[in-house]
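Asker: Below are the C-alpha cells for one structure; questions will follow.
What follows is calculated from the coordinates using simple rules that are stated; it is not laboratory data. Computed from a predicted structure; not experimentally measured. Note: ideal-geometry Cβ built from the backbone for every residue, glycine included; neighbour counts use all protein chains shown.
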Number of protein chains: 2
Amino acid sequence: MYARGIPRPTLERLPRYLRALRRHEDAGEVFISSSRLGAEAGIEEFQVRKDLTHVEVTGRPSKGYPVGDLIAALRKLLGLTGQRDAIVVGAGRLGVALSQYPGFANYGFKIVGLFDSDPGKVGSVIGGLRVMPVDSMLEYLSHEGIAMAIITVPAEDAQGVADQLLEGGIKGIWNFAPVALDVPPDVYVRNEDLAIGLASLSYHVSRHRDR
Amino acid sequence: MYARGIPRPTLERLPRYLRALRRHEDAGEVFISSSRLGAEAGIEEFQVRKDLTHVEVTGRPSKGYPVGDLIAALRKLLGLTGQRDAIVVGAGRLGVALSQYPGFANYGFKIVGLFDSDPGKVGSVIGGLRVMPVDSMLEYLSHEGIAMAIITVPAEDAQGVADQLLEGGIKGIWNFAPVALDVPPDVYVRNEDLAIGLASLSYHVSRHRDR
C-alpha cells in the first residue's frame with residue numbers, strides 16, 4: 001500500500017509540496033503546473049517532476065497535476081493517514097520546544113506525552129502537557145498504543161530510554177541525543193544533530209568567501 | 001581550498017565522523033579502521049569508505065585512517081576553520097532552544113546574538129544572552145561581521161527578517177519558518193521543517209505495520 005524505497009532527499013521534499021498544494025486547495029484551485037508548484041515550494045522544476053514520479057498521480061498536458069489527487073497521494077505516501085501521535089522524552093529546552101512546535105499540527109501530528117526523569121520537572125504543566133516521570137512511560141505506552149517517540153535526553157541516558165521505548169512498542173524514534181542507538185532492524189531511527197545545520201551553513205559560507 | 005560538490009547526504013554524515021574521531025583522539029588513538037569508524041558513527045562501512053573519498057586523506061592497509069589528519073581534513077571541509085558565530089532571530093521556544101543548544105559548541109559554533117521584535121521579550125536575559133530588538137539588528141551586524149543567521153520567526157515575518165539579514169551581510173540562513181525565502185544566488189538558505197522528522201517516522205512506521 002505504501003511505496004517502497006523512496007530516496008530520503010525526495011522524502012524530505014514531499015511535505016514542502018504538500019504545504020504548497022494545501023494553499024492552492026484553500027484558494028480553490030483544481031490544477032497546478034510543476035513550474036508553479038516548484039516556485040511555491042522553493043524547489044527547481046526538474047526536481048519537482050523527478051520527485052513526483054514516486055507519486056501515482058499523473059499530470060495532464062497544459063493543465064498540470066490535479067491538486068486534490070496529489071494531496072491524497074502525498075498524504076498516503078507520507079503515512080499521514082495513519083499513526084500520528086508521538087511522545088517526547090526529555091523536558092529540556094529542546095524537548096519543550098518540540099512538544100510545542102506549531103508546525104506539527106499542519107500535518108496532523110500531535111505530541112500527546114512529555115516525559116522527564118527530573119523530579120523537579122515532573123508534574124509541572126508546560127504548554128498544556130503535564131510532565132510525566134520516565135518511570136511511568138512503559139505503562140503509559142502499553143495503554144496508549146503509540147508508535148513514535150522523540151528523544152531529547154543527554155547522550156548517556158539515550159540508550160536506556162530507547163530500550164524502554166522499544167519495550168513499550170515504539171517503532172520509530174527521532175533521536176536528538178548525540179549518540180548512535182542500538183535497536184532491532186524493524187525499528188526506524190532518525191538521528192538528528194542540529195549542529196549539522198550550522199555546519200552546512202559554515203561550509204557554504206566558507207566556499208563563497210574563498211571564491 | 002574547499003572541496004566542491006559534495007552530495008548533501010554525505011555532508012550531513014561528516015559531522016558524525018568528526019564526533020567519533022574526536023573521541024578516538026581523546027582516547028589517544030592514532031589510527032582508525034573504516035569498520036570501527038562506521039560502528040561508532042552508526043553508519044555502514046561501505047558508506048564510510050564512499051563518503052571518505054571526498055576527503056583528501058588516504059587510509060593505510062591494516063592500520064586504517066590517520067585520526068589527526070582525518071579530523072583536520074573534515075574540519076576544513078566543513079568550514080569549521082572559518083566563520084563560526086551566528087545569530088538567532090526569533091526568541092520563541094524554538095529560537096531559545098537553538099540559542100542554548102549545547103551541541104553547537106562541540107563544533108566550535110557560537111550563538112552570539114538573539115533578536116526579537118516583541119517589546120515584552122527585548123531586554124530580558126535568556127541563558128546568558130540578552131534579547132535585542134530586531135530594529136537594532138542591522139547596526140549590530142555591520143559592527144560584528146557575522147555571516148550566519150537562524151530564522152525562527154513566524155512565516156509572515158520571515159522574508160522581512162531575511163531582507164534585513166542580507167543587508168547586514170549575512171551569507172548563510174538556516175530557515176525554520178515554513179516559507180520559501182527569496183534571496184540572491186550567492187546566499188545559501190537551508191530550509192528546515194521539523195514536521196519532516198515526524199513525517200519520515202510516520203512513513204517508516206506505516207510501512208512496517210503494513211508488511
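Asker: Specify the residue with the greatest mean-square fluctuation among A:A149, A:A97, A:A27, computed from a Gaussian network of chain A linking alpha-carbon atoms under 10 Å apart.
Answerer: Fluctuation is largest for A:A27.
Asker: Mind checking which chain A residue has its Cβ closest to the axis relating A to B, and how many whole Å off it is?
Answerer: Per the A/B rotation axis, the closest residue of A reads A:A97, 2.
Asker: Just to compare against my own numbers: the Cα pair-distance distribution for the stretch A:85-196, 10 Å bins, whole % per bin, please.
Answerer: Going out from 0 Å in 10 Å bins, the stretch A:85-196 shows 15, 51, 32, 2 percent.
Asker: Could you list which residues have their amide H under 5 Å from that of A:F115, counting only those 5 or more apart in sequence or on another chain, with H placed in the peptide plane?
Answerer: Amide H neighbours of A:F115, under 5 Å, 5+ apart: A:V88, A:V89, A:G90, A:M132.
Asker: Compute the label-point distances linking B:V112 to its equivalents in the other copies; points lie 7 Å from Cα along Cα→Cβ; give nm, one decimal, shortest first.
Answerer: 4.6
Asker: Okay, next question. Assuming 1.306 mPa s and 10 °C, estimate D for chain A with Stokes-Einstein, Rh taken as the Kirkwood radius over Cα pairs, in µm²/s.
Answerer: 82
Asker: Show the residues, 5+ positions off or on another chain, whose built amide H is closer than 5 Å to the amide H of A:I146.
Answerer: Here nothing satisfies the definition.
Asker: If you don't mind, there's one more thing I want to ask. Each label point is 7 Å from the Cα along the Cα-to-Cβ direction; what then is the distance between the points at B:E139 and A:Y140, in nm?
Answerer: 4.7
Asker: Report the local net charge at A:V30: Lys and Arg +1, Asp and Glu -1, summed over other residues whose C-beta lies under 15 Å from its C-beta.
Answerer: +1
Asker: Can I ask one more? Would you kindly state how much longer the chain becomes between A:A155 and A:S35 on full extension, computed as 0.36 nm times their sequence separation minus their alpha carbon distance, in nm to one decimal?
Answerer: 38.8 nm is the gain from fully extending A:A155 to A:S35.
Asker: If you don't mind, another one. Please list the non-local residues whose amide H lies under 5 Å from the amide H of A:N191, H modeled 1.01 Å from N, same-chain partners needing a gap of 5 or more.
Answerer: Amide H neighbours of A:N191, under 5 Å, 5+ apart: A:N175.
Asker: Then there's this: Quick check on the protein assembly as shown: what does the Kirkwood estimate of hydrodynamic radius come out to from the alpha carbon pairs, in Å? Write down the numbers at each step before the final one.
Answerer: Values: mean 1/r = 0.0438 Å⁻¹.
When all Cα pairs of the protein assembly as shown are included, the Kirkwood radius is 22.8 Å.
Asker: Oh, and also: For the stretch B:151-158, in order, what is each residue's ³J(HN,Hα) by Karplus, 6.51 cos²θ - 1.76 cosθ + 1.60 with θ = phi - 60°, in whole Hz (x at glycine and Pro)?
Answerer: For the stretch B:151-158, the Karplus curve yields 9, 10, 7, x, 3, 5, 9, 5 Hz.
Asker: Here is a further query. What Kirkwood hydrodynamic radius, in Å, does the stretch A:140-211 give when the mean of 1/r is taken over all pairs of distinct Cα atoms and then inverted?
Answerer: 13.8
Asker: In the P(r) worked out for the stretch B:8-77, what percent of Cα pairs fall beyond 16 Å?
Answerer: Every Cα pair in the stretch B:8-77 considered, those over 16 Å come to 36 percent.
Asker: OK, next. Work out the count of Lys pairs in chain A where the Cα-Cα distance is under 20 Å, with the pair 8 or more places apart or on different chains. Walk me through the intermediate numbers first.
Answerer: Details: A:K50/A:K63; A:K50/A:K76; A:K76/A:K110; A:K76/A:K171; A:K110/A:K171.
Lysine pairs, 8 or more places apart or on different chains, close enough: 5.
Asker: If we hang a label 7 Å off Cα along the beta carbon direction at A:R23, how far is it from the matching labels on the other copies, in nm, shortest first?
Answerer: Copy-to-copy label distances at A:R23, shortest first: 4.2 nm.
Asker: How much of the DSSP beta bridge set in the stretch A:85-196 is antiparallel, as a percent to the nearest 5?
Answerer: 10
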